[in-house]
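Since the structure comes first, as structure tokens, the remarks are kept for the end.
The values are calculated or read from the model by the stated rules, or taken from the named source; none is laboratory data. Remember, predicted model here, so these are calculated numbers, not experimental data. Cβ sites come from the backbone with ideal geometry, for glycine too, and all protein chains shown count toward neighbours.
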Amino acid sequence: MTPRILLAFVAALCVTGCSAKQAATAPTGISPQQMADALHAVMESDRAIYTKKVVNRLQNEENVIKASEHWKDEQALPLPAQMFRMGAEMVAEKDAGFTYSLLSPWPVNKQNKPKTPLETEGVGKVVESGGNFYGEETLGDQAYFTAIYPDTAVAPACVTCHNEHKDSPRTDFNIGDVMGAVVIRIPVDS
Amino acid sequence: MVTTAALIGLGITAFRGDQRTALLPGATTHGHYQIELSCESCHTAAFTSADEMQQACVDCHGEELSVSEDSHPKSKFTDPRNASRVARLDARYCVTCHTEHRPEATATMGLSLPDDYCYQCHLDVADERPTHEGLGFDTCADAGCHNFHDNRALYEDFLVAHSLETANHPIATVLTRSSLAEADAPPVLVDAPPDGWTGSAHHLEGTLCADCHDAASPTDAGWIEDVPPAKCADCHEQQVTGFGTGRHGMRWAADLSPMTAGEARLPMRNEAADRQLDCSTCHTSHRYDTEVAAVDACLGCHDDEHSRAYATSPHAELWWGEVSGVLPEGSGVSCATCHLPRVASGDRVRVQHNQNDNLRPNEKMIRSVCVNCHGVGFSIDALADRALVLGNFDAAPGVHVESITMATGRLSERERTE
């Protein structure tokens, strides 16, 4: 099976709701890295679309509605990063066989700073190089295949929000900068 | 332990009603004692697994946690990157902090951990917030500071946004209830309402005897004399759901006999001891007078210090003024104003009939109730003053919580640094 077909198969699994853990261990031979890359392709695309076509358009271009960290209180749009995290939390509740998170060396919330040794190494490398990073780590009693992808500023909304946020430790972001990293973990046999 | 579990498992199926009292391994908390003989409510199987037990918690409390935007959801702890934290405090499971049947180790809010548990993950809090240097971890959850689950009225930006408010707003903004008829009632027409019915909300909206009592007349075999909450739910589903979630209706919701005032752990009036709780207990049959339900019904049973102090409180003075027509609608504060708050959803405003929803910890009352009339800082201080709560807010707060000062101070310091 060619990689393209494999990726299509993984994407189909995602669409049909089949357990990602099953996909990782199915006899079709899909590797954890292929699965993580496929998942990231979906995440990155959805995130870019929400950022550009919803938040940036309605807030920055058409002045229809603002996006806010306190979106519920202020009857505003959730920030793209919040949208992403809410999805990650919902996936976590489903015990879907993988988890993902959004980290940064310059997080608005310090809880989102790289913490595990592999996160620290991988996020540092993807921010520096703009390329992907893969590795394995054991957290608790479980081994994980961990994939780390650069998270790039794709619209003015990204950089203005972070540059102006009172808790942002870095305020000189430009569009195209790697602002953080998406971390996907897939449990594997140790 | 296995033997104990097996005996309990056998007991759940073999014992019924009060016989099950012998199976209780220890007194239950205030939150659960009403349904402690409905073992299946929590122990959904003879050998309930941790996940099954957790699901039982979620089945009853999940919606509330979701609405409150739980600050520490399970998903935070199932994230592998927090595995080291879970090893110290397994917050994936409610029972880690809220173990039942251990009264000797259980404090307020059903907390069965030492109350300095926050240090497990937030030991370095003072690094980012110097104002917290030296504060004991047993003070984190003091009134007005932090709440493990619900911080909607306590988060930093909210405190800063409301930092300049005075004690009392010039105009109270208690929401006006939407008409239940418009919201819930089926389109029933009536030919001639019976005597004594005239003027009631049901009469005015065309609800017939049979709509509640099932049969067409009292002589019919299908006539239901005492209308159960489930029947009311035909039209008032949201209200009855709330009733069944709070302590007034949780026994009914668990298919046990209705709660009576005499079974309450709070002080109740002796003459109310046998009073069973259903919709009509507070709303009174046929009249359905919301003014009665808002105060008189409550004080007809509740006999604690806070309730007894209501009649002479400033809140009551406003309520009597509104009821008598001297003060405008929405300016009075009844028991229901605070404990059965009005909740806006879309273009509807309904009454939350779970009177426990915003009661513990009492900071949950700030956003749902207090801020309609008072500044946030004043509200935090008032709710933190235990004596003031008991006296039904009969004076100015004698306690000052530093949270707003800390929040604005941190912002000022940041601006100064920049």
Q: Tell me which residues, restricted to the range A:59-88, are assigned to a helix (DSSP H, G or I) and either touching a strand residue (DSSP E or B) at 6+ places or on another chain (Cβ under 7 Å) or buried (at least 18 other Cβ atoms within 10 Å of the Cβ) (or both).
A: A:Q59, A:P80, A:A81, A:M83, A:F84, A:R85, A:A88
Q | Restricting the range B:387-418 to residues that are among the β-branched types (V, I, T) and buried (at least 18 other Cβ atoms within 10 Å of the Cβ), the residue that is farthest from the other protein chains (Cβ to nearest Cβ) | A | B:V401
Q. Taking the range B:35-55 only, how many residues are closer than 13 Å to B:E100 by Cα, in contact (Cβ under 8 Å) with a residue 24 or more places away in the chain and outside any helix (DSSP H, G or I)?
A. 2
Q: May I ask you to say which residue of B:R275, B:R269, B:R265, B:R350 is within 26 Å of B:S379 (Cα to Cα), basic (K, R) and in contact (Cβ under 8 Å) with a residue 12 or more places away in the chain?
A: B:R350
Q. Among the candidates B:D385, B:D296, which residue alone is among the charged types (D, E, K, R), within 24 Å of B:G249 (Cβ to Cβ) and under 21 Å from the mean Cα position of the chain (by Cα)?
A. B:D296
(Q) Based on this model, can you work out whether A:K53 counts as of a type in the set (K, R) and modelled with pLDDT of 95 or more? (A) yes
Q) Can A:G97 be described as out of contact with any Gly (no Cβ under 8 Å at 6 or more places or on another chain) and at positive phi? A) yes
Q.
Every residue in the range B:56-75 that is within 8 Å of another protein chain (Cβ to nearest Cβ) and either assigned to a helix (DSSP H, G or I) or among the polar types (S, T, N, Q) (or both), please.
A. B:K74, B:S75
(Q) If I ask for residues that are within 14 Å of chain A (Cβ to nearest Cβ), surrounded by fewer than 17 Cβ atoms within 10 Å (Cβ to Cβ) and outside any loop (DSSP other than H, G, I, E, B), which ones from the range B:86-104 would you list? (A) B:A87, B:R88
Q: Keeping to the range B:105-125, report how many residues are touching a residue at least 40 places away in the same chain (Cβ under 8 Å) and in a helix (DSSP H, G or I).
A: 3
Q: Answer yes or no as to whether A:Y149 is within 12 Å of another protein chain (Cβ to nearest Cβ), in contact (Cβ under 8 Å) with a residue 12 or more places away in the chain and closer than 15 Å to A:A36 by Cβ.
A: no
Q: Working only within the range B:254-270, note down all residues that are of a type in the set (A, V, I, L, M) and modelled with pLDDT of 95 or more.
A: B:M259, B:A261, B:A264, B:L266, B:M268
Q. Among the residues of the range A:164-175, is any aromatic (F, W, Y) and part of a strand (DSSP E or B)?
A. no
